[in-house]
1. Please state which of the following conditions Leu42 fails to meet, knowing it meets all the rest: (1) buried (at least 18 other Cβ atoms within 10 Å of the Cβ); (2) outside any helix (DSSP H, G or I).
2. Any idea which of (1) part of a loop (DSSP other than H, G, I, E, B); (2) at pLDDT 90 or above is the one Tyr61 doesn't satisfy?
3. Would you mind listing the helices (runs of 4 or more DSSP H) fully within the range 74-176 where at least 1 residues are under 20 Å from Arg4 (Cα atoms)?
4. When the residues of the range 71-91 are filtered to those that are in contact (Cβ under 8 Å) with a residue 60 or more places away in the chain and within 16 Å of Val126 (Cβ to Cβ), which remaining residue is surrounded by the fewest Cβ atoms within 10 Å (Cβ to Cβ)?
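The values are calculated or read from the model by the stated rules, or taken from the named source; none is laboratory data. Quantities reported herein were computed from a predicted structural model and do not represent experimental measurements. No Cβ is skipped: glycine too gets one built from the backbone with ideal geometry, and neighbour counts run over all protein chains shown.
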Amino acid sequence: MRFRYFNKTNYISLTDYSRKKVAVPVGKLYTPEDFNRLFKDLEAIREADGLISTVGDRVTYTLVSNGIIPDVAVIDGKERRAYVSLVDFSLFNKVIYVENKKGYINLALVELLKEEIKNRPILLYVRGEEDLVGFPIVMALPVGSCMLYGQPKRGIVFVKIDVGVKKLASSLIENY
């Protein structure tokens, strides 16, 4: 396992319109009762050469504890603002420490992800807030991949990365 510090930033903030759009879950919600189906859907992603990404400590932990190592995992060491240590760093080829201010998107992470994806599985450990790192993931990962993020007290949201999702992400940040 290798470590890297990435301190490049290119912050943008979302418009009020974009904030309202991202408040609504995009993708399919899997409740804990549906996790076996989720794991089968993730197997299908891998069989089709898609990449699996996670945003959040609990989501990443849930996959790892069920034998699925995400190609890209994004954590911040917090769960509901309390510090946690859920993810075993040794499961990843590379751990990259990055910055992402609360309420902002660090667009520099798009190029980082494109550059580092060859070293997968990789873990981005975010100083700040990891929630909006989903935007760089959608922009950087190839069509056919997926991104998972947590819906507190409900389950895991599965977002299939396709042309439509990429366009949506671009449209939400283009007016910064």
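1. (2)
2. So the condition that Tyr61 fails would be (1).
3. 108-116, 134-140
4. Arg80
Here's the yes/no breakdown for (1) closer than 26 Å to Ala44 by Cβ; (2) surrounded by fewer than 21 Cβ atoms within 10 Å (Cβ to Cβ); (3) not hydrophobic (A, V, I, L, M, F, W, C):
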site: Asn93; (1), (2), (3): yes, yes, yes
site: Glu99; (1), (2), (3): no, yes, yes
site: Leu109; (1), (2), (3): no, no, no
site: Lys114; (1), (2), (3): yes, yes, yes
